[in-house]
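Structure first, then comments.
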Amino acid sequence: MTGALLDTSVVVALAQERLQFDPPIRAAISIITLCELHYGVLKADDRRRPKRLATLDWAIGRFDALPIGNEVAPRFGQLMDAARRATGAKPDVRDALIAATAMSRRIPVLTRDNDFKAFEGVDVVFV
């Protein structure tokens, strides 16, 4: 595999060495993951903040953050609607945006989050 989008769960596990896995060449993250990591630093207590800041710095230095543009928007709508129809529940918007970004680029999402099972048509790889 030469390209993939890493979900936030994979980025955190890699940065904190809880996952022994070499990401594919040209792996990237979503801007959503970058937003989640920034928020994680801000909401952390004084004890957890240094570890979360190290994770954020590691991710910024290692991966490009893919933007959400016009090509992602229709896929986001399709994924949200299909998942809602299939389960009756509204999926997590952040996960749907990450999945739609991967779908629009025709690359798999690497995740540890079972919520991605709700998104039909997305190539999801569990690591």
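Quick notes
- Fewest-first sequence of 52, 84 by Cβ atoms within 10 Å of each Cβ: 84, 52
- Long-range amide H partners of residue 4 with built H, under 5 Å: 27, 28
- Each of residue 62 and residue 18 was given a label point 7 Å from its Cα along the Cα-to-Cβ line. The distance between the two points is 1.4 nm.
- Ordering 104, 9, 30 from the fewest to the most neighbouring beta carbons within 10 Å gives 104, 9, 30.
- Percentage of interatomic Cα-Cα distances in the stretch 4-126 larger than 24 Å: 26 percent
- 51, 43 arranged by Cβ crowding within 10 Å, fewest neighbours leading: 43, 51
FYI, it's all coordinate maths here, none of it is from the lab. The model shown is predicted, which means the values in this text are computed figures rather than measured ones. Every residue, glycine as well, gets a Cβ built from its backbone with ideal geometry; the counts of neighbours run over all protein chains shown.
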